[in-house]
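A.B. asks: Can you keep this structure in mind? I'll have questions shortly.
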Amino acid sequence: MSDAIIAECAAPGPLLSASAVYDNASDGGSIASARAFTAAFLSGAPSVRREPVAGECVELAQLVVSELVTNAVRHAFGSCRLLLELRRDALEISVFDRVAAAPVPHGHDPRRIGQHGLEIVVAVCESLSVEPDPEGKRVRARLSLTGTPSPHRRGRV
């Protein structure tokens, strides 16, 4: 028990965080807005980090955000909330929606058209988790900003 308390206290908070709510789940503009919000958020990184976030990392963050927001828009009812938390070496991307059921990733199938979103997120992120939330669930992805490929990305194009 004391180890959990120490670990929780030792974990630093985000350097910068911001969130946005997308109310109209039927509006495809939510995804474009979420991508733009992510780019704008990461452009503020030099104010709290020693260096700006690399362009490749911004593009990967936008990709992850668009995949997670797309899942929420397509499969949840009502609004979804995007939360971005900038850490020293990573970006945590969370999408909250009102459906408690976890998304079901499909196995790799290059012949399948569509439904590759979670597969893409797992391939580019250090981690992906689904956590219960009082009003539904939180899907959280951690994207490295160090330029070092995640274990999932090694050997993949």
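A.B. asks: Determine which member of the set Ala45, Ala36 is buried (at least 19 other Cβ atoms within 10 Å of the Cβ) and not β-branched (Val, Ile, Thr). Break it down into steps so the answer makes sense when it comes.
C.D. replies: Numbers: Ala36 fails: buried (at least 19 other Cβ atoms within 10 Å of the Cβ).
That would be Ala45, the only listed residue that is buried (at least 19 other Cβ atoms within 10 Å of the Cβ) and not β-branched (Val, Ile, Thr).
A.B. asks: Continuing with the same structure: Would you please name the residue that is farthest from Arg142 (Cα to Cα), looking only at residues in the range 40-91 that are touching a Gly at 6+ places or on another chain (Cβ under 9 Å) and β-branched (Val, Ile, Thr)?
C.D. replies: Val73
A.B. asks: List every residue pair whose Cβ atoms sit under 9 Å apart, with the two residues 6 or more apart in sequence or on different chains, where the first one lies in the range 13-26 and is at pLDDT 90 or above and the second, anywhere, is assigned to a strand (DSSP E or B) and open to solvent by 60 Å² or more (accessible area, probe 1.4 Å).
C.D. replies: From the range 13-26, the pairs are Ser19/Arg81; Ala20/Arg81; Val21/Arg81.
A.B. asks: With respect to the numbered conditions (1) β-branched (Val, Ile, Thr); (2) open to solvent by 20 Å² or more (accessible area, probe 1.4 Å); (3) under 17 Å from Ser129 (Cα atoms), which one is the sole condition not fulfilled by Val73?
C.D. replies: (3) is the only condition that Val73 fails.
A.B. asks: Residues of the range 103-124 being at pLDDT 85 or above and open to solvent by 40 Å² or more (accessible area, probe 1.4 Å), which ones?
C.D. replies: Ile120, Val122
A.B. asks: Look at the range 48-70 and say how many of its residues are within 12 Å of the chain's Cα centre (by Cα), open to solvent by 30 Å² or more (accessible area, probe 1.4 Å) and either acidic (Asp, Glu) or more than 16 Å from Glu92 (Cβ to Cβ) (or both).
C.D. replies: Of the residues in the range 48-70, 1 are within 12 Å of the chain's Cα centre (by Cα), open to solvent by 30 Å² or more (accessible area, probe 1.4 Å) and either acidic (Asp, Glu) or more than 16 Å from Glu92 (Cβ to Cβ) (or both).
The values are calculated or read from the model by the stated rules, or taken from the named source; none is laboratory data. Note that this is a predicted model, so its numbers are computed, not measured. So basically every Cβ, Gly included, is an ideal-geometry build from the backbone, and we count neighbours across all protein chains shown. The accessibility values were calculated without ligands, DNA or RNA, using every heavy atom of the protein model including side chains. Shrake-Rupley method; radii C 1.70, N 1.55, O 1.52, S 1.80 Å.
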